[in-house]
Each structure stands twice: as C-alpha cells, then as structure tokens.
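Colleague: This is the structure I have questions about; it appears just below.
Bear in mind that the values in this text are calculations on the coordinates, not laboratory data. From a predicted model like this one, the values you see are computed outputs, not experimental measurements. Reconstructed Cβ throughout: ideal geometry from the backbone, glycine too, with neighbour counts over all protein chains shown.
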Amino acid sequence: MPILSGSASLTRFNVPVQTSELPFDEHAFKEILPGSEIRESIGFIPFESGAEYRVGHDRFAFRVRIDKLAPDPTVLRERLQGLIATEIEMTGFDTVSSRKRKELRNLAEEELLREARPSSKIVEAVLDGNVLQIGSTANSVIGKITLLIRKLGVVAEFKTPWIDAGDEDLESDIMEIHDPGQSLHGSRFLKSILGDRELPLEPAEGYAKLQTERARVVLSGEIMRDVHEYVKDGCELLAAKLLAGEASFRLEALPFRISSLKLRKPAMGHWTERLDERLEQINEVWELLDRKYADSRKTSAPRGPVLRAVPDE
C-alpha cells in the first residue's frame, strides 16, 4: 500500500502538536519465530534499511509491517475433513458432535501452523506536522496502525472537511451511518461537484457507487448520464472516480478517503526527494478537495434535516 510509488490509497488524520522525537525504535517490528505461539506481529520499519524516521523539521516517514500466521483455509478444510473421517471410523458413529468438531478443527490448525509461513503486509505512512496520512483505506488495517501509533504518544483522529469545519451531521431517509468519521456530508459534497470542471467524473472508464432505497448500485464505464439520473431520483452518491488535472482517483465520499490515486512518476533521486515530490502531488489533490468542499458549504444549503442536540431540561 504505497505512498512513495504506484497508485496510492490514503486516509487522513488530525494529530496533536508533535514533540521533537518519537520512539519508533522502541516499537520496531519483530518477526514471528518458528514454533512461536504468537499469531500476529506488528511494528515500525523505516522506508529504507537504516534510514531515519525523521525526514524534515516536523515530518516523519515510516512503514508499518503486519505479519499474520494463519493456515490456508482450503488446506485447513481438507485436513479437518480427514480428521472427522478418521474419528467416525474409530468411533463407529455416523457423525461427530459440534464440540468434537471444534476440537478437531483446533488440532488441524495447530498441525498446519507448525509448517505455515506468515503473510506480510507493509503500509506506508507520513506524519507531516499535524496531519497523518496512512496509505490504506481498509478499516481493519487503519485500526491496527492507529493503535500502534498510540504507543508513540500520538492520538490520531479522522480528518475530514466537515469535522474540521465543525459541521453538524445529516441524516438520510435511505441509509444510516455508524462508522467513526463518516458522514452524509461526503455524499452531498460529491453530488454538489457533478459537472465541476476541476473535478469531473472520469468520462470513459468511470466508476460510481450509489445507495438507492432498496439496494447498493455500482456503475462502471461511461456512467455520467446514469449517475445524474440516479442522483436526480434522490440516491446517495457514495463513491466516484474523479479527475484532477493529470491525476485520477476514487473518492470514497462518506469517510472522505482517496483510493487508486494515479500520479505522474517522480524524477529519479534519493527516496526522500521522491517522497517530497509525491507528497506535493498528493497534497494538491487534498487541497483541491478541501477547497471544493468549502465552496460547496457557501453556495448550497444542506439537503436533509440537520441533527441537533436536544437541550437539557
């Protein structure tokens, strides 16, 4: 899940003012040793072997490695069926109890884990002043990384333009939102920029996800007319592929996250120089989105009732 190269997927967070140093080495990644009872290991690694985590006055660049030890599901299923067949043959019963089946499954897992190798996932992140960018949009990955970052003394809170502006939440007649940081403001914003010249929908290889009263709809290809028709019918626009100059990306509206961001290839040079160039391009996209959201607040009233706190009696 890269930031330094390739297509980027990004989630932003607000963080408090940083101290001069952060103890990354105290929470460095440790490999899962053969025969260990540990099933998952997570920790920090630098962008390059031996590189410093601090890459600027108030910028830290780091990677998080997540190793997970788990048996292959297909092999586990086959091994379990073999153990069940052996158990039935030994006991003479036609089947095994649920309790025995659980015991046999645990036995199969233990056998396979002795020979299994951990799967690895590496996620890049940059802490730049008061803004943290994690190179992932997967909630399971984001949750693990933000918990790890807490060990550095850094509390990360979701960064979206409606949170930064203090906008009160909205509600919809066709869907509910419960996940932290997400809001219908994102859907209403995405609707408001339909037809925008600076942030147009991708015209030929487009993508959009919408919520109707009854179902979730995914569109691809030449989708402009269909998107406008769905929105006109009152659907919520959840995601869309947008163009921003030379860059193309998908905006996940409710959490305000970017995925599949394609940027121009950075010039050759030291990795910190390439990172600077990539971050400049990435931040230009974020700044455009934030500016467009601010403009939409000024020019259009929220559609849908506003949720307000009930005053104490």
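Colleague: Compute the Cα gyration tensor for segment 253-297, then decide on rounded, prolate or oblate, letting a ≥ b ≥ c be the square roots of its eigenvalues: rounded whenever a/c is under 1.5, prolate when a/b is larger than b/c in the other cases, and oblate in all that remain.
Modeller: prolate
Colleague: Name the residue from Leu263, Leu237, Leu279 whose Cα lies farthest towards the positive end of the charge dipole of segment 162-299, charges +1 on Cβ of Lys and Arg and -1 on Cβ of Asp and Glu.
Modeller: My answer, from the dipole projection, is Leu263.
Colleague: Okay, moving on. For segment 1-80, what is the convex hull (Cα atoms) projected area averaged across all directions, in square nanometres?
Modeller: For segment 1-80, averaging the hull's shadow over all directions gives 8.6 nm².
Colleague: Run the simple label-point estimate for Lys232 and His270 please: 7 Å along Cα→C-beta, distance reported in nm.
Modeller: The two pseudo-label positions are separated by 5.7 nm.
Colleague: Once amide H atoms are placed 1.01 Å from N in the peptide plane, what residues at a sequence separation of 5 or more from Leu238, or on another chain, have their amide H within under 5 Å of its amide H?
Modeller: It is Lys209, Leu210, Gln211, by chain and number.
Colleague: Okay, next question. Through the Karplus equation 6.51 cos²θ - 1.76 cosθ + 1.60, θ set to phi - 60°, convert the phi angles of segment 236-247 into ³J(HN,Hα) values in whole Hz; use x for Gly and Pro.
Modeller: Coupling constants for segment 236-247: 8, 8, 9, 7, 7, 8, 10, 10, 9, x, 7, 8 Hz.
Colleague: Between rounded, prolate and oblate, where does segment 162-299 land on the alpha carbon gyration tensor, with a ≥ b ≥ c its root eigenvalues, rounded for a/c under 1.5, else prolate if a/b exceeds b/c?
Modeller: It comes out prolate by the Cα gyration axes.
Colleague: Nothing charged except the Cβ atoms of Lys and Arg (+1) and of Asp and Glu (-1): what's the magnitude of the dipole of segment 73-113 about its Cα centre? Round to the nearest 20 debye.
Modeller: Dipole about the Cα centre, nearest 20: 200 debye.
Colleague: Order by neighbour count: Tyr207, Tyr53, fewest other Cβ atoms within 10 Å first, most last.
Modeller: Final ranking by Cβ density, sparse to dense: Tyr207, Tyr53.
Colleague: Right, next: What distance in nm separates the simple spin-label points at Glu31 and Ile45, each placed 7 Å from Cα in the Cβ direction?
Modeller: 1.0
Colleague: Treating only the Cβ atoms of Lys and Arg (+1) and Asp and Glu (-1) as charged, compute the dipole magnitude of the chain about its Cα centre; round to the nearest 20 debye.
Modeller: Here the chain has a charge dipole of around 380 debye.
Colleague: Whole-Hz Karplus ³J(HN,Hα) for segment 257-271, in order, using 6.51 cos²θ - 1.76 cosθ + 1.60 and θ = phi - 60°, x for Gly and Pro?
Modeller: Result, rounded to whole Hz: 10, 9, 9, 6, 7, 9, 10, 5, 5, x, 5, 5, x, 4, 4.
Colleague: Okay, next question. What list of ³J(HN,Hα) couplings, whole Hz, do you get for segment 97-108 from phi and the Karplus terms 6.51, -1.76, 1.60, once you set θ to phi - 60° and write x for glycine and proline?
Modeller: 6, 4, 5, 5, 4, 5, 4, 5, 5, 4, 5, 4
Colleague: Fewest to most neighbouring Cβ within 10 Å: what's the order for Leu113, Leu152?
Modeller: Listed from fewest to most nearby Cβ atoms, that is Leu113, Leu152.
Colleague: So, one more: Relative to the present Cα-Cα distance, how much length would full extension add between Glu284 and Ser120 at 0.36 nm per residue of separation?
Modeller: 55.9 nm
Colleague: Another question about this same structure. Test of understanding: in a Gaussian network model of the chain with alpha carbons linked when under 10 Å, which of Glu78, Glu171, Glu213 would top the mean-square fluctuation ranking?
Modeller: Glu78
Colleague: Could you pull out every residue, at least 5 positions away or on a different chain, whose amide H is within less than 5 Å of the one on Phe47? Hs are placed 1.01 Å off N in the peptide plane, and Pro or chain starts have none.
Modeller: Correct list: Arg63.
Colleague: Something else: Which one of Phe60, Phe24, Ser98 is farthest out on the positive end of the charge dipole of segment 20-121, using unit charges on Cβ (Lys, Arg +1; Asp, Glu -1) and the Cα centre as origin?
Modeller: Ser98
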